[in-house]
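Scroll down for the structure; my scribbles are underneath it.
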Amino acid sequence: MFIPLDLLREKALKYGIDLDDRALERFDLYAKLLVEWNEKINLTAITDPEEIVIKHFLDCLTVFSKVEIKNGARIIDVGTGAGFPGLVMLIARPDLEMTLMDSLNKRLNVIKDILEKLELTADVVHSRAEDGGQNKAYREKFTEVFNYAVVPLSWDSLEPEMGKPRFSED
């Protein structure tokens, strides 16, 4: 075990997300692969296993407590980088039709490797957000659009009662 799975399971439950054993195995492997790949290509400054759980995985999972996402929803993660939030969402909900878009092909090669090792499927698209938004193949094709670090989003401006997406202990 690479990450504290009990912490991940317990805190995810606080958000109404019941992670099964297969999801927990995938999160553990994802964290391990993330750290390994990070030695070759800069993906994240966060490499401590507990910090990965709190600052990456749980942060991304909070979306499920804020937005109702239907089974089989078509989602695009614009600027996926190391797979945040799209890959995290897909691990928790493999029923989602996920598209992971990023402007750097070297990051997408990492994502493809991780998807293969996690035995998950997603469309992986090499495109800048501005170009993808103009491409008819991606316009009005998704039920949800997410990003993690492309531009700052104010959830308060979207839905005042939603609050902040940052994980906290409360």
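Would you be able to say whether some residue in the stretch 58-77 is farther than 27 Å from D18 by Cα, open to solvent by 10 Å² or more (accessible area, probe 1.4 Å) and not aliphatic (A, V, I, L, M)?
Looking through the stretch 58-77, none of the residues is farther than 27 Å from D18 by Cα, open to solvent by 10 Å² or more (accessible area, probe 1.4 Å) and not aliphatic (A, V, I, L, M).
When the stretch 12-26 is examined, which residues are found to be in contact (Cβ under 8 Å) with a residue 24 or more places away in the chain and in a helix (DSSP H, G or I)?
Selection gives A12, A23, R26.
Does S65 count as touching a Ser or Thr at 6+ places or on another chain (Cβ under 9 Å) and hydroxyl-bearing (S, T, Y)?
Considered against the rule, which asks whether it is touching a Ser or Thr at 6+ places or on another chain (Cβ under 9 Å) and hydroxyl-bearing (S, T, Y), S65 comes out as no.
Say we look at the stretch 110-127 and pick out the residues that are open to solvent by 20 Å² or more (accessible area, probe 1.4 Å) and over 16 Å from Y30 (Cβ atoms); which of these is modelled with the lowest pLDDT?
Ranking the candidates gives S127 first.
Does the stretch 81-98 hold any residues that are over 21 Å from A12 (Cα atoms) and crowded, with 22+ Cβ neighbours inside 10 Å, and which are they?
Matches in the stretch 81-98: G81 only.
Assess whether F142 counts as being in contact (Cβ under 8 Å) with a residue 12 or more places away in the chain, over 19 Å from A12 (Cβ atoms) and open to solvent by less than 60 Å² (accessible area, probe 1.4 Å).
yes
Exactly one condition in (1) free of Cβ contacts under 8 Å to residues at least 24 places away in the same chain; (2) in a helix (DSSP H, G or I); (3) in contact with a helix residue (DSSP H, G or I) (Cβ under 8 Å, 6 or more places away or on another chain) is false for T47; which is it?
The single condition T47 does not satisfy is (2).
Restricting attention to the stretch 1-41, which residues are touching an Asp or Glu at 6+ places or on another chain (Cβ under 7 Å), at pLDDT 95 or above and open to solvent by 80 Å² or more (accessible area, probe 1.4 Å)?
None; the set is empty.
The values are calculated or read from the model by the stated rules, or taken from the named source; none is laboratory data. Quantities reported herein were computed from a predicted structural model and do not represent experimental measurements. Methodologically, a virtual Cβ is constructed for each residue, glycine included, from the backbone with ideal geometry; neighbour enumeration extends over all protein chains shown. Keep in mind that these areas ignore ligands, DNA and RNA; they rest on the heavy atoms of the full protein, side chains included. Shrake-Rupley method; radii C 1.70, N 1.55, O 1.52, S 1.80 Å.
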